1. For I141, all conditions in the list (1) part of a loop (DSSP other than H, G, I, E, B); (2) within 21 Å of N351 (Cα to Cα); (3) aliphatic (A, V, I, L, M) hold save one; what is the number of the exception?
2. Going through F219, F212, F184 one at a time, which residue ends up being open to solvent by less than 50 Å² (accessible area, probe 1.4 Å) and of a type outside the set (S, T, Y)?
3. In the range 196-209, how many are open to solvent by 60 Å² or more (accessible area, probe 1.4 Å) and under 16 Å from T149 (Cβ atoms)?
4. For the condition in contact with an Asp or Glu (Cβ under 9 Å, 6 or more places away or on another chain), open to solvent by 20 Å² or more (accessible area, probe 1.4 Å), farther than 26 Å from D264 by Cα and not hydroxyl-bearing (S, T, Y), what is the one hit in A67, A137?
5. Return the pair list, or none, for Cβ contacts closer than 7 Å from residues in the range 178-196 that are polar (S, T, N, Q) to residues that are open to solvent by 40 Å² or more (accessible area, probe 1.4 Å) and assigned to a loop (DSSP other than H, G, I, E, B), at least 6 apart or on different chains.
6. Name the helices (runs of 4 or more DSSP H) wholly within the range 235-325 that hold at least 1 residues that are over 27 Å from V148 (Cα atoms) and in contact with a Gly (Cβ under 9 Å, 6 or more places away or on another chain)?
7. Suppose the filter is within 21 Å of V268 (Cα to Cα), at pLDDT below 95 and among the small types (G, A, S); does A19 pass it?
8. Going by what's in this entry, would F177 be described as in contact with an Asp or Glu (Cβ under 6 Å, 6 or more places away or on another chain), open to solvent by less than 50 Å² (accessible area, probe 1.4 Å) and either of a type in the set (F, W, Y) or farther than 26 Å from L244 by Cα (or both)?
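The values are calculated or read from the model by the stated rules, or taken from the named source; none is laboratory data. Being a predicted model, the structure only gives us computed values, none of them experimental. Cβ atoms come from the backbone with ideal geometry, glycine included; neighbour counts cover every protein chain shown. All accessible areas refer to the heavy atoms of the entire protein, side chains included, with ligands and DNA or RNA removed. Shrake-Rupley method; radii C 1.70, N 1.55, O 1.52, S 1.80 Å.
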Amino acid sequence: MRTFGKWLGRILLMLALAAVAVYFLKREEITRLLAVNSLFAEEKIVSNFSNMDTLFLTADIAQGDAAVSPLPSGTAMQMPARFESWLKERAVTSLVVLKDGAVVHESYHQDTAPEDLKISWSVAKSYLSSLMGIVLAEGHIESLDDPVTKYAPVLKGSAYDGATIKNVLQMSSGVTFNEDYLDFHSDINRMGRVLALGGTLDGFAAGLTETFVAPGTQFQYVSIDTHVIGMVIRGATGRSIPDLLGEKIISKLGYEQMPYYVTDGEGVAFVLGGLNIRTRDYARFGQMVLQEGQYGGEQIVPADWLAAATVPSANTQPGKLHYGYQWWMPKDPREGEFFGIGVYGQYIYINRAEGVVIAVNSADRKFKESGVTDGNIALFREIAETAQ
């Protein structure tokens, strides 16, 4: 019995040493995996959303040598009566409102600061849409009707074989993908774990094999569609998204601080939601889009692209929000009113008729509750209509 006890002790010691060795070899991956699993925890979410570079692999986006572009102060506006309660209910961390390019409201909450680089989540999709418009205009891509496999051949034989660029821009690929952020086993959360463990998002996309309808038949919000847009742009240009976005857009907007993307293990940008930018700089991007792609006297994004991207074109269901090319429109769309939206309450809301841009960052763990998005858009409209 004593001999058995010695052997058991030795085995347990060896197992413990092996576990320690695995931890030290894989400690970064383990740390990132733990971060993914607690990313949205109530006690951590606000800090996490301002410090993604401490949790994940990242790639900087060059802001260029241009001077910081001015955001002049306008007449401070009186916010709607329900504004203060809305800030608390929606766990807002920052808000910048521009009227005719001037700041009429700016505030930071929950111990966050103007210098924080805040995660965009799916607002990043609208940035990528603008980059697609530039790449298309430059002739790197022949047509939106081209199959995605023309520029991303690794997708041949996958669920994306047969989908066009327009299909993925409109979230109409027909690819089966569970987007439920609150379901641990969903595809979107599986993808997050691939990201944390240093895996490849290109491989994840190529590994999807199931479709539920033919491409172009039905709108279904599928975030991996946006990654495929990134694959197409990279394949067409031979360049990375951070490099292209920095050169073509960010460097021309006069940002206050260098943004960054979260990346996978191969350094490929998490284009569907990994941008991290100051709230004031989100507002600068929104102002450029409001001005039909012009900023600082330069046409940055083609006006005809933005005109096509920001109107309803996807086959969405009646009574639901409308969708264009990676931009959203309200259920009752008005000309020149559209927005980018990210989970947990990130927004760039644009109202051309009123000359208003609203950039919002939040940590709203109740973002999926019924009526939340409609309520947010109603408030943004009220702010836009009362801003002086």
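1. (2) is the only condition that I141 fails.
2. Testing whether each residue is open to solvent by less than 50 Å² (accessible area, probe 1.4 Å) and of a type outside the set (S, T, Y) leaves just F219.
3. Residues meeting the conditions: 1.
4. Among A67, A137, only A137 is in contact with an Asp or Glu (Cβ under 9 Å, 6 or more places away or on another chain), open to solvent by 20 Å² or more (accessible area, probe 1.4 Å), farther than 26 Å from D264 by Cα and not hydroxyl-bearing (S, T, Y).
5. Sorted first by the residue in the range 178-196, then by its partner, the pairs are S186/N178; S186/D180; N189/D183.
6. It comes to 279-290.
7. no
8. So F177 fits the description; yes.
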